[in-house]
1. What about ILE45, is it modelled with pLDDT of 80 or more, part of a helix (DSSP H, G or I) and closer than 30 Å to VAL93 by Cα?
2. Residue check: is LYS69 in contact with a strand residue (DSSP E or B) (Cβ under 6 Å, 6 or more places away or on another chain), basic (Lys, Arg) and either at pLDDT 80 or above or surrounded by 15 or more Cβ atoms within 10 Å (Cβ to Cβ) (or both)?
3. Residue by residue through the range 88-105, note down the ones that are under 25 Å from LYS140 (Cβ atoms) and under 15 Å from the mean Cα position of the chain (by Cα).
4. What are the pairs, 6+ residues apart or on separate chains, where a residue within the range 90-108 that is more than 26 Å from LEU31 (Cβ to Cβ) and among the charged types (D, E, K, R) has its Cβ under 7 Å from a residue that is at pLDDT 85 or above and in a strand (DSSP E or B)?
5. Mind listing just one residue for me: the one in the range 139-153 that is part of a helix (DSSP H, G or I) and of a type in the set (S, T, N, Q) and, of those, surrounded by the most Cβ atoms within 10 Å (Cβ to Cβ)?
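The values are calculated or read from the model by the stated rules, or taken from the named source; none is laboratory data. Predicted model only: the values in this text are computed from it and were never measured. Quick reminder, even Gly has a Cβ in these numbers, built from the backbone with ideal geometry, and neighbours come from all protein chains shown.
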Amino acid sequence: MSETVYLRVLIPIVILAFLVFVFIKSNNKWLFDVHKKIFIENPGIASLDFFAVYHLSEPPGLFQFLSRKETGIITFKENMISFLGYKSQFTPVRLCFPLQGFETAWVGKTFGFGRTHWFVFKQGDERHYFSAETGKLFPKNEKESKEIFEKISRANVKS
(Lines give C-alpha, C1' and ligand atoms only; values in the text may rest on other atoms or scores of the structure.)
Protein backbone atom coordinates (compact mmCIF):
# COMPACT_ATOMS: atom_id res chain seq x y z
CA MET A 1 0.00 0.00 0.00
CA SER A 2 2.70 2.49 0.95
CA GLU A 3 4.64 1.79 -2.27
CA THR A 4 1.75 3.00 -4.41
CA VAL A 5 1.50 6.19 -2.34
CA TYR A 6 5.21 6.83 -2.88
CA LEU A 7 4.82 6.23 -6.60
CA ARG A 8 1.82 8.56 -6.82
CA VAL A 9 3.86 11.30 -5.16
CA LEU A 10 7.24 10.56 -6.71
CA ILE A 11 6.22 10.26 -10.37
CA PRO A 12 4.67 13.78 -10.63
CA ILE A 13 7.71 15.27 -8.85
CA VAL A 14 10.09 13.57 -11.30
CA ILE A 15 7.99 14.71 -14.27
CA LEU A 16 7.89 18.29 -12.96
CA ALA A 17 11.65 18.32 -12.33
CA PHE A 18 12.24 17.05 -15.87
CA LEU A 19 9.99 19.74 -17.39
CA VAL A 20 11.77 22.48 -15.42
CA PHE A 21 15.12 21.13 -16.59
CA VAL A 22 13.97 21.12 -20.24
CA PHE A 23 12.59 24.67 -19.91
CA ILE A 24 15.85 25.99 -18.44
CA LYS A 25 17.96 24.29 -21.11
CA SER A 26 15.79 25.60 -23.94
CA ASN A 27 15.84 29.11 -22.44
CA ASN A 28 19.65 29.09 -22.22
CA LYS A 29 19.89 27.82 -25.82
CA TRP A 30 17.54 30.64 -26.91
CA LEU A 31 19.76 33.24 -25.21
CA PHE A 32 22.88 31.79 -26.81
CA ASP A 33 21.23 31.73 -30.26
CA VAL A 34 20.07 35.35 -29.93
CA HIS A 35 23.50 36.62 -28.92
CA LYS A 36 25.18 34.62 -31.67
CA LYS A 37 22.75 36.03 -34.26
CA ILE A 38 23.33 39.61 -33.08
CA PHE A 39 27.13 39.28 -33.24
CA ILE A 40 27.00 37.66 -36.69
CA GLU A 41 24.72 40.40 -38.06
CA ASN A 42 26.71 43.21 -36.37
CA PRO A 43 30.38 42.18 -36.31
CA GLY A 44 31.60 45.58 -35.05
CA ILE A 45 29.71 45.24 -31.77
CA ALA A 46 32.42 43.14 -30.16
CA SER A 47 34.69 46.19 -30.03
CA LEU A 48 32.07 48.35 -28.24
CA ASP A 49 30.85 48.38 -24.66
CA PHE A 50 27.87 46.06 -24.57
CA PHE A 51 25.66 44.38 -21.98
CA ALA A 52 23.25 41.45 -22.27
CA VAL A 53 19.78 42.59 -21.17
CA TYR A 54 16.07 41.84 -21.16
CA HIS A 55 13.69 44.52 -22.43
CA LEU A 56 10.02 45.18 -21.66
CA SER A 57 7.91 47.98 -23.11
CA GLU A 58 5.55 47.94 -20.13
CA PRO A 59 6.25 47.90 -16.40
CA PRO A 60 7.35 44.52 -15.09
CA GLY A 61 4.49 42.83 -13.27
CA LEU A 62 3.92 40.19 -10.64
CA PHE A 63 4.47 37.37 -13.12
CA GLN A 64 7.30 39.08 -14.99
CA PHE A 65 9.06 35.79 -15.67
CA LEU A 66 6.05 34.77 -17.79
CA SER A 67 5.77 38.08 -19.65
CA ARG A 68 6.99 38.42 -23.20
CA LYS A 69 10.47 39.81 -22.94
CA GLU A 70 12.81 40.74 -25.68
CA THR A 71 16.38 39.69 -25.15
CA GLY A 72 19.46 41.24 -26.66
CA ILE A 73 22.27 43.66 -25.95
CA ILE A 74 22.68 47.35 -25.19
CA THR A 75 25.60 49.03 -26.93
CA PHE A 76 27.24 52.44 -26.62
CA LYS A 77 28.29 54.04 -29.90
CA GLU A 78 29.14 57.71 -30.42
CA ASN A 79 26.23 59.72 -28.95
CA MET A 80 23.77 56.86 -29.11
CA ILE A 81 22.70 53.95 -26.96
CA SER A 82 21.19 51.10 -28.95
CA PHE A 83 19.26 47.99 -28.02
CA LEU A 84 19.62 45.16 -30.52
CA GLY A 85 17.46 42.20 -29.69
CA TYR A 86 14.81 39.69 -30.62
CA LYS A 87 11.36 38.66 -29.53
CA SER A 88 10.28 35.05 -29.81
CA GLN A 89 10.47 33.55 -33.30
CA PHE A 90 13.51 35.79 -33.94
CA THR A 91 11.46 38.92 -34.62
CA PRO A 92 14.05 41.73 -34.51
CA VAL A 93 13.74 44.63 -32.09
CA ARG A 94 15.92 47.70 -32.67
CA LEU A 95 15.76 50.73 -30.37
CA CYS A 96 18.02 53.80 -30.44
CA PHE A 97 18.28 56.46 -27.74
CA PRO A 98 20.26 59.65 -28.32
CA LEU A 99 22.26 60.40 -25.19
CA GLN A 100 20.71 63.85 -24.84
CA GLY A 101 17.07 62.97 -25.41
CA PHE A 102 16.10 60.59 -22.62
CA GLU A 103 16.08 60.12 -18.88
CA THR A 104 17.16 57.07 -16.93
CA ALA A 105 15.68 55.97 -13.62
CA TRP A 106 16.41 53.07 -11.30
CA VAL A 107 13.30 50.97 -10.66
CA GLY A 108 14.85 48.16 -8.62
CA LYS A 109 12.64 45.24 -7.66
CA THR A 110 9.03 45.63 -8.71
CA PHE A 111 7.72 43.38 -5.93
CA GLY A 112 9.08 42.68 -2.48
CA PHE A 113 9.64 39.02 -3.18
CA GLY A 114 10.93 39.52 -6.74
CA ARG A 115 14.58 38.96 -7.51
CA THR A 116 14.89 40.82 -10.80
CA HIS A 117 16.00 44.46 -10.74
CA TRP A 118 15.04 46.91 -13.48
CA PHE A 119 15.90 50.36 -14.78
CA VAL A 120 13.89 52.45 -17.21
CA PHE A 121 14.57 54.76 -20.15
CA LYS A 122 12.03 57.57 -20.41
CA GLN A 123 11.71 59.36 -23.71
CA GLY A 124 8.59 61.53 -23.90
CA ASP A 125 5.63 59.27 -23.14
CA GLU A 126 7.56 56.12 -23.97
CA ARG A 127 9.04 53.89 -21.29
CA HIS A 128 11.49 51.06 -21.91
CA TYR A 129 12.40 48.74 -19.03
CA PHE A 130 15.70 46.87 -18.97
CA SER A 131 17.23 44.26 -16.70
CA ALA A 132 20.60 42.53 -16.84
CA GLU A 133 20.43 39.09 -18.36
CA THR A 134 22.13 36.46 -16.26
CA GLY A 135 20.93 33.30 -18.01
CA LYS A 136 19.18 32.13 -14.85
CA LEU A 137 15.45 31.41 -14.60
CA PHE A 138 14.92 33.54 -11.48
CA PRO A 139 17.92 35.86 -11.50
CA LYS A 140 19.16 37.88 -8.59
CA ASN A 141 20.72 40.53 -10.78
CA GLU A 142 20.86 43.71 -8.71
CA LYS A 143 24.63 44.10 -9.07
CA GLU A 144 24.62 43.53 -12.85
CA SER A 145 21.57 45.74 -13.52
CA LYS A 146 22.96 48.52 -11.30
CA GLU A 147 26.29 48.41 -13.15
CA ILE A 148 24.57 48.86 -16.53
CA PHE A 149 22.33 51.62 -15.15
CA GLU A 150 25.29 53.54 -13.68
CA LYS A 151 27.30 53.27 -16.91
CA ILE A 152 24.35 54.58 -18.93
CA SER A 153 23.72 57.37 -16.41
CA ARG A 154 27.38 58.47 -16.59
CA ALA A 155 27.27 58.44 -20.40
CA ASN A 156 24.02 60.43 -20.35
CA VAL A 157 25.53 63.08 -18.02
CA LYS A 158 28.68 63.44 -20.14
CA SER A 159 26.73 64.26 -23.31
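1. Values: modelled with pLDDT of 80 or more: no; part of a helix (DSSP H, G or I): yes; closer than 30 Å to VAL93 by Cα: yes.
Against the criterion (modelled with pLDDT of 80 or more, part of a helix (DSSP H, G or I) and closer than 30 Å to VAL93 by Cα), ILE45 does not qualify.
2. yes
3. Across the range 88-105, the qualifying residue is only SER88.
4. Close Cβ pairs satisfying both conditions: GLU103/LYS122.
5. SER145
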